[in-house]
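Report on the structure given below.
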Amino acid sequence: MSKFKQYLKKILVIALIIYVCFLLQTSIFSRYRLAGVTPNILICVVATYGFMKGRRHGITVGFFTGLLLDIFSGTLFGFYALVYMYIGLLNGLFKKQFFGDDLKLPLILIGTSDFIYGVFSYLALYAIKSQYNFSFYLMNLILPEVVYTLLVSIFVYYIILYINNWLEKLEKKGSDRIGNY
């Protein structure tokens, strides 16, 4: 029963992180645009859980994060769930190279993930409508969003890392307590 409680606590914390980041992205940061773009905080969450916990966590967090975006956006339903799921999968491939306090790999992966997201968004939402000005979209939307996302992701990454370490300490403490009985 205790393992179930730990598992449930982990799921609830991840769900709360996704929800809070969704609110930040859609309410607060949408008011503070930089160069006409907002940071994609949810990409930070998906990428971080992907390379911290592996492919399975990355896919799961990516799917539910994308599903939340699909529910509240008026675009192609399932598009965000699919893109975020693949981003979680790709980041999960780098789990073995992950070291908590090293910021280089997370920033590279988050920036690459946001770039991939921008390209897929262009292909699905603009190129299908015969709007082929990719260089304009790249220079005015994709790259500024990547830069803004990277600036914000430094803080988001360390918060998620702190919460993850805290959960692992609680889990270890709980398993030590169970082993003593």
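So the values come out like this:
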item	result
Qualifying position, being in a helix (DSSP H, G or I), under 17 Å from residue 168 (Cβ atoms) and among the aliphatic types (A, V, I, L, M), among 14, 28	14
Top-ranked residue in the stretch 103-159 [being polar (S, T, N, Q) and free of Cβ contacts under 8 Å to residues at least 24 places away in the same chain; ranked as farthest from residue 31 (Cα to Cα)]	130
Any pair with Cβ under 6 angstrom, 6 or more apart, that starts in the stretch 27-39 at a residue that is free of Cβ contacts under 8 Å to residues at least 24 places away in the same chain and ends at one that is assigned to a loop (DSSP other than H, G, I, E, B)	30/38
Hey, residue 84 out of contact with any Leu (no Cβ under 9 Å at 6 or more places or on another chain), assigned to a helix (DSSP H, G or I) and within 17 Å of residue 156 (Cβ to Cβ) or not	no
Residue list for the stretch 113-161, filter: aromatic (Phe, Trp, Tyr) and either in a helix (DSSP H, G or I) or surrounded by 18 or more Cβ atoms within 10 Å (Cβ to Cβ) (or both)	115, 117, 120, 122, 134, 136, 137, 148, 155, 157, 158
Where a residue in the stretch 75-87 is at pLDDT 85 or above and its partner, wherever it lies, is part of a loop (DSSP other than H, G, I, E, B), with Cβ under 8 Å and at least six apart	80/73
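Yes or no, residue by residue, for (1) crowded, with 21+ Cβ neighbours inside 10 Å; (2) outside any loop (DSSP other than H, G, I, E, B); (3) under 15 Å from the mean Cα position of the chain (by Cα):
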{"residue": "39", "(1), (2), (3)": "yes, no, yes"}
{"residue": "58", "(1), (2), (3)": "yes, yes, yes"}
{"residue": "102", "(1), (2), (3)": "no, no, no"}
{"residue": "111", "(1), (2), (3)": "no, yes, yes"}
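The values are calculated or read from the model by the stated rules, or taken from the named source; none is laboratory data. Every value quoted in this text rests on a predicted model; they were computed, and no experiment measured them. Here the Cβ is made from the backbone with ideal geometry for all residues, glycine too, and neighbour counts use every protein chain on show.
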